[in-house]
Amino acid sequence: MSYYGSSSSGGWGSRRVEYGRTYIVRPKGRHQATIVWLHGLGDNGASWSQLLDSLSLPNIKWICPTAATRPVTAFGGFPCTAWFDVEDISVDGRDDIEGLDASAAHIANLLSSEPPDVKLGIGGFSMGAAAALHSAACYAHGKFANGMLYPITLSAVISLSGWLPCSRTLRSKTESSHMAARRASSLPILLSHGRVDEVVSYRNAERSVDTLRNSGFLYLNFKSYNGLGHYTIPEEMDDVGKWLSSRLGLDRSR
C-alpha cells in the first residue's frame with residue numbers, strides 16, 4: 001500500500017477544497033479494474049484501504065482518498081472530513097450541489113490517468129456511498145450538476161449503507177436524452193444496507209432503490225442484511241467481491 005499527499009481542487013465554484021491523504025492499494029495480480037472507495041463522515045482513506053487490501057480481489061487497484069475537512073451543518077458547524085455538507089442524512093435532506101460536484105470532480109480526476117484497458121468504478125460507505133451515487137448520476141447524464149461535462153466512463157458503482165442525493169431531479173436528467181437513458185440502464189450498481197441501520201435508515205435505502213429504478217437505472221442489485229447496523233461485516237464484503245468479479249469479469253486469480 002502507498003499513498004499520495006494532500007491535493008487541492010481550486011476554481012470549482014466559489015470554494016477551494018483541500019483534500020487529505022490518498023491511499024493506494026495496488027493489485028496483486030493482473031490489473032483489470034480501478035475503484036475509488038470513499039469513506040464515511042469523519043473517517044479517512046486509511047481505514048478502508050486496510051480492509052480492501054484484505055479482500056480476495058487481486059486484479060483491482062483501490063484508490064482511497066480522504067475528504068476535505070469542512071464545517072458540517074448536521075454537527076452544528078463542527079468541522080470534520082466530509083465529501084459535502086449535510087444537515088439531514090436522508091433522501092429528503094437539502095442537497096449541497098456544489099460540494100457533491102466538487103467531490104465528483106475530484107474522484108473523476110483520480111481515475112483520469114488509469115490505463116485505457118482498465119475498467120473504472122466508484123464505491124463508498126455512508127456519505128461516501130452517497131457521493132458515489134452522485135457520480136453515477138453525473139455519468140448517466142454526461143454532466144456534473146453545474147453543467148460541466150463528466151469525463152469518466154464508469155463500469156460499476158457500489159453503495160454500502162448510503163442514500164441517494166439529488167433524488168428529486170434524477171429522473172428528469174436521465175430522461176433528458178437517449179444517451180443518458182442508455183448509460184443509466186447499462187451501469188451496474190450494487191446497493192447494500194443493514195435492516196437495523198440507526199444512522200441511515202433502511203427506508204432511505206428502499207426509497208433510493210425505487211428512485212434509481214424509476215429513473216432508468218435497471219442494472220441494479222439491492223441486498224439487505226438482517227441485524228446489520230451502520231457498519232459492514234465480512235458477509236457483506238464477500239458479496240461485494242463476488243458482485244464485482246461477476247460484473248467486471250475479473251479473474252479472481254493472480
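Express as a percent, rounded to the nearest 5, the fraction of DSSP beta bridges in the chain (both residues included) that run antiparallel.
Antiparallel: roughly 40 percent of the beta bridges in the chain.
Determine, for the chain, the count of lysine pairs separated by eight or more sequence positions (or lying on different chains) whose alpha-carbon distance falls under 18 Å.
The number of close lysine pairs in the chain is 8.
Sort out for me the Cα centre separation of segment 48-91 from segment 169-225, rounded to whole Å.
Going from one Cα centre to the other spans 20 Å.
Provide the solvent-accessible area of Lys242, counting protein heavy atoms only and rolling a 1.4 Å probe, rounded to the nearest 10 Å².
Counting only protein heavy atoms, the figure is 110 Å².
Show me, for segment 105-113, the HN-Hα J-couplings you get by feeding each phi into the Karplus relation (A = 6.51, B = -1.76, C = 1.60, θ = phi - 60°), rounded to Hz, glycine and proline as x.
5, 5, 4, 4, 5, 5, 8, 5, 9
Where the only charges are on Cβ atoms (+1 Lys, Arg; -1 Asp, Glu), what is the dipole of the chain about its Cα centre, to the nearest 20 debye?
Here the size comes out at about 760 debye.
Based on C-alpha coordinates, I'd like the Rg and Dmax of segment 121-254, in Å.
My reading of the Cα-based Rg and Dmax gives 14.5, 44 Å.
Take the Cα pairs of segment 20-247, get the Kirkwood Rh, then feed it into Stokes-Einstein at 25 °C and 0.890 mPa s and tell me D in µm²/s. Write down the numbers at each step before the final one.
Working: Rh = 17.3 Å.
Estimated diffusion coefficient is 142 µm²/s.
Place a +1 charge on the Cβ of each Lys and Arg in segment 89-189 and a -1 charge on the Cβ of each Asp and Glu, then give the dipole magnitude about the Cα centre in debye, rounded to the nearest 20.
300 debye
Positive end of the charge dipole of the chain (Lys, Arg +1 and Asp, Glu -1 on Cβ, about the Cα centre): tell me which of Thr153, Val25, Cys138 has its Cα farthest that way.
Sorting the options by dipole projection puts first Thr153.
222 nm [θ] for the chain, helices only, -39500 (n - 2.57) per DSSP H run of 4+, per residue, to 500?
Working: 7 runs with 84 residues, N = 254.
Helices in the chain give a 222 nm mean residue ellipticity of -10500 deg cm²/dmol.
The values are calculated or read from the model by the stated rules, or taken from the named source; none is laboratory data. Everything numeric in this text was worked out from a predicted model, so none of it was measured. Cβ atoms come from the backbone with ideal geometry, glycine included; neighbour counts cover every protein chain shown. Surface areas here come from the heavy atoms of the whole protein model, side chains and all, with no ligands, DNA or RNA. Shrake-Rupley method; radii C 1.70, N 1.55, O 1.52, S 1.80 Å.
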